[in-house]
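The structure appears right after this line, and notes come after that.
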Amino acid sequence: MNYQIAIIGSKEAIEGFSLLGVKTVPAQNTEEAVEKIREMKRSSDEVFAIIFITEDLAKDFTQDDEKFFAKDPLPAIIPLPSHHGSTGYSMERLSRIVERAVGSDILK
Amino acid sequence: MAILNVNPTRMALLDLKKRVKSAERGHKLLKDKQDGLMKHFMEIVRDAKKLREEVEEMLGDAFKKFLIASAWMKEADLRNALSSPQAKLALSVKTKNVMSVRIPFFELEKEGEIKTYGYAGTNALLDEAIDALNEAFEILIQLAQIEKQAEALAIELETTRRRVNALEHKMIPDLKDTVKYIRLKLDEGERSAIIGTMKVKAQIEAAA
């Protein structure tokens, strides 16, 4: 079975990925991105294994959203630094994962 | 310290003793599971951090290259250049079961030419940018894999830790307290019965 890879972000940032065979999904703001991800999780004709999302959209995810995205084994929803550079969200997310598992942030 | 709501009878005592035993057994098993998960988690999480740092650098670079390239091109030309991708990505996913957590392993197969645009209207910067993106992409897949693994393990670890703690600090002490309570109650009843019979006996002897 073949899985799809998608990337969500502002149009200018992500369109380069289309040449690599990644499905590009433009979104302007966080709500739109969340809606798109929900849609992708629901669709049955295409199964997405990895959904990349640029940090500027991901940083305003609510906790409920994050929980919902983390729940299933697939897809993996991975924030990426955008063309504005890293906002530190991804690192913070990683720290949160560690904190959740261990009880305190041991990566520092 | 809380005593469960049970009748202090022999039946209840037997039942509770059984429950203490199985709770202790469950606690041990869960603790082992927690240790196993933790070991696995520790192995990957440091790699995850390293990989994440690498990606931040590479991708920021690649995005910048792409933006600069697109700034030099006409909107229509860029649209045109990007409009006919031929490369196909085949991603296969295998899942491995670690302590009943299913963690994914991604495997990427690329096919086809990436640079499916003509030389006219495009520039060398675009070539460079696409190369950079392509190079970064493999690491991105690895990152996705390892972060998803870490995430899945973290969720399971959290629930397991809660269960272990609940058993260790709540269930087992409560059960043990209740067993003790019933035992005291039963002993007390036994003593009171003996005293009762002794009293009766003494009265009968006094009357005779």
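The values are calculated or read from the model by the stated rules, or taken from the named source; none is laboratory data. Remember, predicted model here, so these are calculated numbers, not experimental data. No Cβ is skipped: glycine too gets one built from the backbone with ideal geometry, and neighbour counts run over all protein chains shown.
For the reader, a short list of remarks on this structure follows.
- Pairing residues of region B:161-176 that are within 14 Å of another protein chain (Cβ to nearest Cβ) with residues that are of a type outside the set (Val, Ile, Thr) and in a helix (DSSP H, G or I), at Cβ distances under 7 Å and at least 6 apart in sequence or on separate chains, gives B:ARG161/B:GLN34; B:VAL164/B:HIS27; B:VAL164/B:LEU30; B:VAL164/B:LYS31; B:VAL164/B:GLN34.
- Filter result (assigned to a strand (DSSP E or B) and away from chain B (no Cβ under 11 Å)) within region A:1-30: A:ILE8, A:VAL25, A:PRO26
- Residue under evaluation B:LYS64, criteria (1) among the charged types (D, E, K, R); (2) more than 30 Å from A:ASN2 (Cα to Cα); (3) out of contact with any Gly (no Cβ under 9 Å at 6 or more places or on another chain), criterion not met: (3)
- Filtering region B:115-126 to residues that are within 11 Å of chain A (Cβ to nearest Cβ) and either in a helix (DSSP H, G or I) or at pLDDT 80 or above (or both) leaves only B:LEU126.
- Tallying residues that are facing chain B (nearest Cβ under 9 Å) and at negative phi within region A:80-94 yields 10.
- Residue within region A:66-88 that is assigned to a helix (DSSP H, G or I), surrounded by 17 or more Cβ atoms within 10 Å (Cβ to Cβ) and in contact with a Leu (Cβ under 9 Å, 6 or more places away or on another chain) present: no
- Pick from region A:31-65, criterion assigned to a strand (DSSP E or B) and buried (at least 22 other Cβ atoms within 10 Å of the Cβ), ranking: farthest from the other protein chains (Cβ to nearest Cβ): A:ILE53
- Qualifying residue in region B:24-31 (condition: within 14 Å of another protein chain (Cβ to nearest Cβ), of a type outside the set (Gly, Ala, Ser) and under 27 Å from A:GLY103 (Cβ atoms)): no
- Any hit, region A:13-20, residues being surrounded by fewer than 16 Cβ atoms within 10 Å (Cβ to Cβ), of a type outside the set (S, T, N, Q) and within 14 Å of the chain's Cα centre (by Cα): no
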